[in-house]
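Q: Mind looking over this structure? Questions follow.
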Amino acid sequence: MSQQHEQHDRPDPDGPHEHDILDPTTEEVVATVRASSAHDVDAAVARAGRAAAHWAACAPGDRARILRRFAVVVDEHLEELARLEVREAGHPIGNARWEAGNVRDLLDYAAGGVERLTGRQIPVAGGLDITFHEPLGVVAVIAPWNFPMPIAAWGLAPALAAGNAVLLKPAETTPLTALRLAELGLAAGLPEGLFQVLPGAGPVAGRALVEHPGVAKVVFTGSTAVGRDIMARCAAGVKRVTLELGGKSANIVFADADIEAAAAAAPGAFLDNTGQDCCARTRILVQRGVYHRFMDLLEPAVRAFRVGDPRDPDTQMGPLISAAHRERVRSYVPQDAPAAIRGDAPTGKGFWYPATVLTPDSAEDRTAVEEIFGPVAVVLPFDDEADAIRLANATAYGLSGSLWTRDVGRALRVSRAVRAGNLSVNSHSSVRYSTPFGGFGQSGLGRELGPDALAAFTEIKNVFISTESTSTETISTETISTEES
């Protein structure tokens with residue numbers, strides 16, 4: 001996610017007072033949001049600490065009921081949240097509705113875990129040993145602009161369910177849905193101060209959260225460069241951290257696969273969200289014997305992918321997030337680039353960029369190894385299973401990927417050999433709120449989602465309770481001494 005979050009290198013601790021939010025489709029200002037300063041962060045951490053103490057003391061059933069109510073309130077405002085996402089992020093309305101629904105589902109799923117966050121009873125000599133999951137206290141969630149609602153909820157929902165307070169720092173360009181979610185949380189019954197949103201710049205509000213001694217854990221989704229910086233700053237306070245960073249995922253197509261199905265599915269795997277997806281399958285690896293057939297099928301599938309007004313329910317791909325990001329994507333595709341497919345995009349206002357498929361001569365070309373984070377994919381041929389695995393692993397990243405084959409044995413062998421945290425076979429669906437998500441290598445640290453998500457926001461406390469009688473021990477010792485004498 002190489003450009004998902006602002007760099008932490010600007011010096012002003014108070015940051016700008018206001019920030020304009022642009023509609024990526026029209027380039028119009030849709031809102032002006034006050035940016036949080038370091039002083040705002042300090043006050044928010046104090047409020048969150050007080051709220052966390054009361055929240056942790058609530059009966060588990062009460063916490064679960066409030067979170068379920070939060071899910072219901074989100075569902076009641078689903079269309080409003082989706083349209084807000086269209087305005088601030090340029091997502092097609094169908095995608096945005098799914099994203100708002102994902103927040104609802106995450107809250108509901110996390111609520112189900114509140115009363116199941118159980119410890120263990122461990123057999124030991126001389127007593128009873130039990131463990132507890134204790135909440136950490138205050139958790140900072142620093143969310144990206146590419147999926148503002150769902151990824152915020154990935155941290156928010158399990159952290160609240162585990163008994164913590166949450167301070168959410170949305171990306172500077174997409175704070176509107178986060179602010180609205182905080183209002184809906186209060187309406188659902190969350191205590192004041194328990195879930196707060198702090199819009200602002202990464203080097204100001206983000207850095208203040210990362211370095212604040214009152215914050216027990218930081219959850220960050222964004223670029224690998226910023227992730228490294230956050231990890232280093234957290235190390236100074238021995239602070240827990242979960243990082244979901246960049247990706248350059250492979251889509252491996254073997255000759256024995258259903259080639260028609262693989263080619264038809266490939267565009268969605270790298271064009272969804274205009275390629276602004278850390279799991280995008282932007283390296284398409286095709287076995288040499290079916291390479292030309294696959295390319296013949298891929299071109300009409302790419303051209304059929306509908307690009308246009310994100311408010312239109314038929315639209316599949318909208319604009320990029322900003323003019324600056326469009327220029328970054330464009331820098332990877334000069335006029336003489338080896339483009340096998342160049343799609344169409346609207347002209348005029350909006351940060352549009354066409355779907356593009358490149359066929360570089362080398363697997364070491366920068367387009368094949370760097371995360372472009374736009375609607376650009378490369379296609380590379382491979383010879384056999386070993387060659388496919390070699391190419392798939394020829395990256396510093398290891399977040400996601402797909403493989404297409406009819407051979408179950410091959411599917412298992414290759415899945416085990418590819419160094420990535422989330423893989424799918426004959427599908428591009430590898431991320432669900434009910435299963436673990438995270439990466440290998442430079443793609444991050446830790447796991448989110450799934451049945452263990454709540455535990456990642458707790459400390460394990462071990463308690464030993466002696467069951468031996470002190471008086472019995474004394475008598476036994478005296479008896480033994482008498483008998484020996």
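Q: On the basis of being touching a strand residue (DSSP E or B) at 6+ places or on another chain (Cβ under 7 Å) and without any contact (Cβ under 8 Å) to a residue 60 or more places away in the chain, does residue 205 make the cut?
A: The answer is no for residue 205.
Q: If you don't mind, there's one more thing I want to ask. State whether one or more residues within region 456-467 are loosely packed, with under 11 Cβ neighbours inside 10 Å and part of a loop (DSSP other than H, G, I, E, B).
A: Yes, region 456-467 contains a residue that is loosely packed, with under 11 Cβ neighbours inside 10 Å and part of a loop (DSSP other than H, G, I, E, B).
Q: Within the set of pairs 6+ apart or on separate chains, which have a first residue in region 425-442 that is touching a residue at least 40 places away in the same chain (Cβ under 8 Å), a second that is open to solvent by 60 Å² or more (accessible area, probe 1.4 Å) and in a loop (DSSP other than H, G, I, E, B), and C-beta atoms under 7 Å apart?
A: 437/447; 438/447; 440/419; 441/396; 441/419; 442/396
Q: Sticking with this structure for a sec: Condition check: modelled with pLDDT of 95 or more, within 30 Å of residue 309 (Cα to Cα), among the basic types (Lys, Arg) and surrounded by fewer than 23 Cβ atoms within 10 Å (Cβ to Cβ). Does residue 47 satisfy that? Steps first, answer last, please.
A: Working: modelled with pLDDT of 95 or more: yes; within 30 Å of residue 309 (Cα to Cα): no; among the basic types (Lys, Arg): yes; surrounded by fewer than 23 Cβ atoms within 10 Å (Cβ to Cβ): yes.
No; evaluated as a whole, the condition is false for this residue.
Q: Moving on to the next point. Which numbered condition in (1) among the hydrophobic types (A, V, I, L, M, F, W, C); (2) outside any loop (DSSP other than H, G, I, E, B); (3) closer than 22 Å to residue 309 by Cβ is the only one that residue 351 fails?
A: Evaluating residue 351 over (1) among the hydrophobic types (A, V, I, L, M, F, W, C); (2) outside any loop (DSSP other than H, G, I, E, B); (3) closer than 22 Å to residue 309 by Cβ leaves (2) as the failure.
Q: Still on this model: Among the residues in region 400-407, are any over 30 Å from residue 21 (Cα atoms), out of contact with any helix residue (DSSP H, G or I) (no Cβ under 7 Å at 6 or more places or on another chain) and open to solvent by less than 50 Å² (accessible area, probe 1.4 Å)? Working first, answer last.
A: Pass one, region 400-407, residues over 30 Å from residue 21 (Cα atoms): 400-407.
Now narrow it down to the ones that are out of contact with any helix residue (DSSP H, G or I) (no Cβ under 7 Å at 6 or more places or on another chain): 400, 406-407.
Filter once more, so that each one left must be open to solvent by less than 50 Å² (accessible area, probe 1.4 Å): 400.
Yes, region 400-407 contains at least one residue that is over 30 Å from residue 21 (Cα atoms), out of contact with any helix residue (DSSP H, G or I) (no Cβ under 7 Å at 6 or more places or on another chain) and open to solvent by less than 50 Å² (accessible area, probe 1.4 Å).
Q: Here is a follow-up. Every residue in region 71-110 that is of a type outside the set (A, V, I, L, M), closer than 19 Å to residue 175 by Cβ and open to solvent by less than 10 Å² (accessible area, probe 1.4 Å), please.
A: Listed by number, the residues that qualify are 85, 88, 90, 91, 99.
Q: Further question: Mind listing just one residue for me: the one in region 416-448 that is assigned to a loop (DSSP other than H, G, I, E, B) and among the aliphatic types (A, V, I, L, M) and, of those, farthest from residue 241 (Cα to Cα)?
A: By that ranking, first place goes to 418.
Q: Out of all the residues in region 136-189, which are open to solvent by 10 Å² or more (accessible area, probe 1.4 Å), over 23 Å from residue 204 (Cα atoms) and of a type in the set (A, V, I, L, M)?
A: Of everything in region 136-189, those that are open to solvent by 10 Å² or more (accessible area, probe 1.4 Å), over 23 Å from residue 204 (Cα atoms) and of a type in the set (A, V, I, L, M) turn out to be 136, 186, 187, 188.
Q: Do you know which of the residues in region 199-218 that are outside any helix (DSSP H, G or I), open to solvent by less than 10 Å² (accessible area, probe 1.4 Å) and among the hydrophobic types (A, V, I, L, M, F, W, C) is nearest to residue 28 (Cα to Cα)?
A: That would be 201.
Q: Sticking with this structure for a sec: Scan 377, 355, 363 and give me the residue that is surrounded by 15 or more Cβ atoms within 10 Å (Cβ to Cβ) and in contact with a Ser or Thr (Cβ under 7 Å, 6 or more places away or on another chain). Step through it out loud before you land on a result.
A: Values: 355 fails: in contact with a Ser or Thr (Cβ under 7 Å, 6 or more places away or on another chain); 363 fails: in contact with a Ser or Thr (Cβ under 7 Å, 6 or more places away or on another chain).
Just one listed residue meets the conditions, 377.
The values are calculated or read from the model by the stated rules, or taken from the named source; none is laboratory data. It should be emphasised that the depicted structure is a prediction, and the values quoted were computed from it without experimental measurement. In this analysis, Cβ positions are derived from the backbone assuming ideal geometry, glycine residues included, and neighbour counts consider all displayed protein chains. Note: accessible area is taken over every heavy atom of the protein model, side chains too, but ligands, DNA and RNA are not part of it. Shrake-Rupley method; radii C 1.70, N 1.55, O 1.52, S 1.80 Å.
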